[in-house]
Amino acid sequence: MCRGFQETMKGGVGTGDPTELLERIKAMTHPEESNLVARVSAKEIRKFDRADSKTVCLIDCGMKSNILTELRSRFRVVQVPYDTGPDKVRSLEPDGIFISNGPGNPAHPEMLSTTVKTLAELKDEYPMMGICLGHQLLSLMLGAKTYKLKFGHRGINQPVRIEDRVYITSQNHGFAVDRDSAEGAGLEVTVVNLNDGTVEGMRHKKLPIFSVQFHPESHPGPQDTSFLFNRFSKMLEEV
C-alpha cells in the first residue's frame, strides 16, 4: 500500500436512494488497487516512419496524443504497449526510449514487474526520457521512491524553475518523486515546483537519462518547454 492511499476518497453521483448509492460506493474497488495503465496503453505495436531520423521506442502508458506529435516531428517512432519486454524492445533497434504519461500509482506491483523491470534491464543500453508517469517510473527504476501527494497538481498554470528561468506548465498528477531518495540514487533534481518545492524533473549523473513531471507537450503558452524534446534529440545524436 502506497503512502497516502487512504487520502484518496471514493465517491459517486446519482439519483434516488442515497443509502443505496453509499453502499455501492463502499463496495467499489479503490482505483489504486487496479493497474489503470493496462486499460489505456496501446494493445499492439504501431510504427510511424520518418526518413533519415533516429528511431525512438515510445512505451505507451496512456500517452497524450501531442506527445506522439512532438516525437513524430523529430524521430521515427515505434509505439509499444507498457508491458513490452526488453528483448522485444531490442529487436526494434531503437536509438532511444521514451516513457509516456499515464494514470495510477507508479509503484503498482504490475508496473514494477513490467515497465520498471524492462527499463532496469535496458538503462545501460539506450538514452531515455520520461514525462509524468514516465518520470516516476524512471525514478523508481533508478532506485528512488514515489509518494502520494495530499493535493495533486492540476491545471495549466503550475510554475516550475528550470535552471535560471521560471516556466508556467501544464500538470495533472497525484504522485511525486521523493527528493531525498532521488538524490541518494545518483539522480540530480533539475526542476522544482515553485508552489510546494516538489520534484518536477531529474537527470542521472552518469547515464543519458532525464525526465520531467509536467507536460512539455501541452503548450499552455506559444512555445513553453517543448525545447526538452530537442534536448532528447541532441542526446540521441551524441551517444
### Query
Of all residues in the range 99-138, which are of a type in the set (S, T, N, Q) and surrounded by fewer than 20 Cβ atoms within 10 Å (Cβ to Cβ)?
113
### Message
Of everything in the range 208-232, what is among the hydrophobic types (A, V, I, L, M, F, W, C), closer than 20 Å to residue 75 by Cβ and either modelled with pLDDT of 95 or more or in a loop (DSSP other than H, G, I, E, B) (or both)? Give them in sequence order.
### Response
209, 210, 212, 228, 229, 232
### Query
In the set 139, 170, 181, which member is among the polar types (S, T, N, Q) and at pLDDT below 95?
170
### Qualifying positions in the range 58-72 - out of contact with any Phe, Trp or Tyr (no Cβ under 8 Å at 6 or more places or on another chain) and surrounded by fewer than 19 Cβ atoms within 10 Å (Cβ to Cβ)
64, 65, 66, 69
### Task
Filter the range 191-239 down to residues that are among the hydroxyl-bearing types (Ser, Thr, Tyr) and crowded, with 17+ Cβ neighbours inside 10 Å and give me whichever is nearest to residue 62 (Cα to Cα).
218
### Summary
Output for Cβ contacts, cut-off 8 Å, separation at least six or different chains, first residue assigned to a helix (DSSP H, G or I) in the range 18-36, second small (Gly, Ala, Ser) and surrounded by 12 or more Cβ atoms within 10 Å (Cβ to Cβ), reads 31/104; 32/104
### Task
Filter the range 159-190 down to the residues that are among the acidic types (Asp, Glu) and assigned to a loop (DSSP other than H, G, I, E, B), then identify the one that is nearest to the chain's Cα centre (by Cα).
178
### Residue among 149, 140 that is under 23 Å from residue 192 (Cβ atoms), of a type in the set (A, V, I, L, M, F, W, C) and in a strand (DSSP E or B)
149
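Yes or no, residue by residue, for (1) modelled with pLDDT of 95 or more; (2) within 26 Å of residue 177 (Cβ to Cβ):
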site: 41; (1), (2): yes, yes
site: 50; (1), (2): yes, no
site: 53; (1), (2): yes, no
site: 58; (1), (2): yes, yes
site: 63; (1), (2): yes, yes
site: 81; (1), (2): yes, yes
site: 104; (1), (2): no, yes
### Of residues in the range 81-98 being more than 10 Å from residue 118 (Cβ to Cβ) and in contact with a Leu (Cβ under 7 Å, 6 or more places away or on another chain), the one surrounded by the most Cβ atoms within 10 Å (Cβ to Cβ)
98
### Task
Output the qualifying pairs, or none if there are none: Cβ atoms under 6 angstrom, residues six or more apart or on different chains, first residue in the range 67-94 and farther than 18 Å from residue 123 by Cα, second residue modelled with pLDDT of 95 or more and assigned to a helix (DSSP H, G or I).
70/229; 74/233; 77/71
### Message
For the range 37-57, give me the residue count where each residue is buried (at least 20 other Cβ atoms within 10 Å of the Cβ) and touching a Lys or Arg at 6+ places or on another chain (Cβ under 9 Å).
### Response
1
## Note on the structure
Of the residues in the range 191-239 that are under 22 Å from residue 69 (Cβ atoms) and of a type in the set (Gly, Ala, Ser), the one that is nearest to the chain's Cα centre (by Cα) is 211
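The values are calculated or read from the model by the stated rules, or taken from the named source; none is laboratory data. All values reported here derive from a predicted model rather than from experimental measurement. FYI the Cβ positions are ideal-geometry reconstructions off the backbone, even for glycines, and counts take in every protein chain you see.
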